[in-house]
1. As an exercise, identify the GluC sites (Glu not before Pro) in region 1-100 lying in DSSP coil whose Cβ has no more than 11 other Cβ atoms within 10 Å.
2. Using the Cβ atoms and a cut-off under 10 Å, what net charge is assigned to the surroundings of M279, where Lys and Arg are +1 and Asp and Glu are -1?
3. Expressed as a whole percent, how much of the Cα-Cα distance distribution for region 9-87 exceeds 18 Å?
4. Averaging sequence separations of C-alpha pairs under 8 Å and six or more residues apart, then dividing by the length of region 655-776, give the relative contact order as a whole percent.
5. Kindly flag which residue pairs out of K59/K99; K74/K168; K68/K338 have an alpha-carbon separation exceeding 19 Å in this structure.
6. Calculate one ³J(HN,Hα) per residue across region 55-69 by plugging θ = phi - 60° into the Karplus curve 6.51 cos²θ - 1.76 cosθ + 1.60, and present them in order as whole Hz with x for glycine and proline.
7. Go ahead and estimate [θ] at 222 nm for the chain from helices alone: -39,500 (n - 2.57) per DSSP H run with n ≥ 4, summed, over the residue count, rounded to 500.
8. Return a whole-number percent for the relative contact order of the chain, with Cα pairs under 8 Å and 6 or more residues apart as the contact set.
Amino acid sequence: MSDRLSEFWDRVEFTPDEFQLEAAEAIDDGSSVVVTAPTGAGKTLVAEAAIHLALDQGKRSFYTTPIKALSNQKFADLSEEYGSDRVGLLTGDNVINPKAPVIVATLEVLRNMIFADAGQLHDVAFVVLDEAHYLQDRSRGAAWEEVIIHCPRHVQFVCLSATISNNKQFADWVGERRGSTRLITTEERPVPLESMYMLKDRMGSHALHLLPTFVIRDGRRRANPRLEHMLGLERGRKRRFKTPNRIETIEALASENMLPAIYFIFSRAGCDAAVNRLMEAGVRLTDPEERQAIREIAEGRTAHLGDDDLDVLGYDRWMVGLDAGVASHHAGLVPAYKEAVEELFELGYLKVVFATETLALGINMPARSVVIENLSKFNGESHELLRPGDYTQLTGRAGRRGIDVEGFGVLLHSPFVRFSQVTEIASIGAHELRSSFRPTYNMTANLIANYRQDETEALLEASFAAFQRDDDRADAGDAIAALEHRLTNEEKQAECERGSVEEYLALIEALDPKRPNDGIAATLSTGDVLDIVGGPRDGRYTVLKRLAPKNGSARYLVLSTSGRVSTVGSREIPSASRRAGKLDLPTPLKPRDRRFVQETLRRLRKVPPVISDGSPQRRKLVEHPVAECPDASRHLAASRRANRVRRRLEQHRALRRSSGFGLIEEFQAIRQLLEELGYTEGWSLTPRGERLRRIYNETDLLLAEAMEKGFLYGLEPAELASLLSAFVYEPRTDQASVAEWPTPELHARWSDIEMLWKDLTTREKGLRLSPTRRPDPGFGILAYQWASEVAFDDLDAHGMAPGDFVRVSRQLADLLRQIRDGVSELREEAMTALISVDRGVVAAQGVG
């Protein structure tokens, strides 16, 4: 170990873990590192070792994060460690001490610096990528790859990531791009996690049970047999156990000394409602001394907000919760509130924080316990169960290093989730890191400005996306070989010496299931035995009962010879189908009862097959030699399986074919479109292209086109802010906003932009490019009012959460800065609008 590294470890007040020592030594030896470890394991200490080495060499270092809140927190931590004169901050909101030897920045700021002038980094020794797994983010992840690819070669990288399943693949790629790279990984948590399961007994004393989800038996971790027994007795509609309510849960945790806790609820409204419910119940978890400290910190964090703003933000109600040691944390809160909650929880004054999953990203808020109220989450379209990787990430905060002997991950019982699913989700898991890298219009312009064509294509092929594509192609080759082997076996089983099974199957499937047998379908009754001939429902059924018609079609509850109870409609009964007899069904009629089903099946199987003349012979679907084979049904089943394997085989082959040139082909299509629109000439940028390369926005080309067409000129500053808001605002639902604008001129300009968007997406579809998202006018009136300096409490917010208003306004301010700095013709209007937008509750205060 070098003297300079020994000096760093001498300052650390605890014994470092082996992975921290190994990573620091690799950095000191001149390697980049990829460090993957659970939340709270101490990855940041590796970054601080790199910063120390840079300072010792008289070099600079960049510490990058995915979000401004993390940058602000890290800036405060490093300023305290190294002194405010040696640490700077670069975000869209703040520029503090930009020449300092230690710079904390959001990732996109560093990316933009590299594209503008990579020479600015000549004295930078290390770049830290905190939360490097953010690389997979759909909208922003490409920036991580751009930084790793384009950063000057002399810079070493320190990539810090949560546990991922393909860490070696990621480290191998970083090594290809940055030279010598070491993978340092640990799965050991600094504080062990105990997974717990909480449920409420409806019987007797209505007691709450808090039991370990797993037990150790014979040296192996397995599901708790007591819970398996308890929950295995649950039958029918009347359930013995139910979900504990939020008050019961918090009181139980308090009595077991398991606070402080982060309580995850996957909705903003649910988090706020939980706080309100605890307040109504009179829950108080703090003492007078803690309440005094809470008030001082909260007042300090909100000192920049006026009384009117605080009234709108429900300050008094918020303070009541804080006084009791309870708060919510989600994206709908203004930054000052979120930052106060984070500080108070970290200091131990808050005992319970109800949070959405956004808290799982990076913010330093360790707890003794993490509660997950529901194992299913709405993904925008439907509810889906969490994956083991989600559970690992959410419970990563459970257990405070140096304070707790163990942390607790508490799952609440749900009658809709089987305990076997609970144990599967609560097992140790990790997500696979997948690249989201795709070329964009802005990226293309910057590549043309900085590299030759052959260099650019090589750089695209150097992306993690291309690296994974090569691995995927190898995996696809293995899958294709396995499917080809399976297809051979299925084809052998489908062979019949009497004739072609494929031909026989084609004749059967040619029977049109869409042409119903109206006579039978309309007259079936309970007990009828129905032979459906052809189509996907081909087979024998007995009718259990007639159901209410749907869309004019008769419907029946039926039991198949395989024992499956299902619904069949008249449109699923082809014309060749027929009634084969009638059963005397067991009584009472209980279609969901196992004994009823078994007895009905026994009677159904006694009914002989029939052909058209009614004689008891084996039923023939169509006239064909294979129909006479005693193994015809087995041959047909094998032939159907073979067809399914063929379809999967073709999908894998198509994937392997298409994956060979996707990035380059997409880049060339973008170049073609930029050439058509006048942004490039050959391998050089026109003045339009130069403006495009300085626009960092998801709708970059549409915004550039709007400027080139003059749609942004000749507006008042508030009108410019209003119109630009359409390029940054995205509603929380898929429903497009109604186009309401505060002035007739903006109505006209919006119509022009909509037409421009339609023309652009038509061109993109013609080139097989992903279409640019539609700009959304839903923030236009609010942006106009705010840029016109309407007071926060007088805004017509239409139910928008204050945190959402601040977030969109800050994004608008970022875009106004880009326009101010990159478009001379709009500089004055953009500057005036920026001053009006970046104020009050929107303005960043200090580092907050």
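The values are calculated or read from the model by the stated rules, or taken from the named source; none is laboratory data. Bear in mind the structure is a predicted one, so any value in this text is a computation, not a measurement. Virtual Cβ from ideal backbone geometry, glycine too; neighbours counted across all protein chains shown. Only protein heavy atoms, including side chains, enter the accessible area calculation; ligands, DNA and RNA are left aside. Shrake-Rupley method; radii C 1.70, N 1.55, O 1.52, S 1.80 Å.
1. Filter output for region 1-100: E13.
2. Spelling it out: positives minus negatives among the neighbours equals +1.
3. 45 percent
4. Once divided by the residue count of region 655-776, the mean separation gives 26 percent.
5. K74/K168
6. 4, 5, 8, x, 10, 9, 9, 10, 10, 9, 9, x, 9, 5, 4
7. Helix contribution divided over all residues of the chain: -13500 deg cm²/dmol.
8. This gives 11 percent for the chain.
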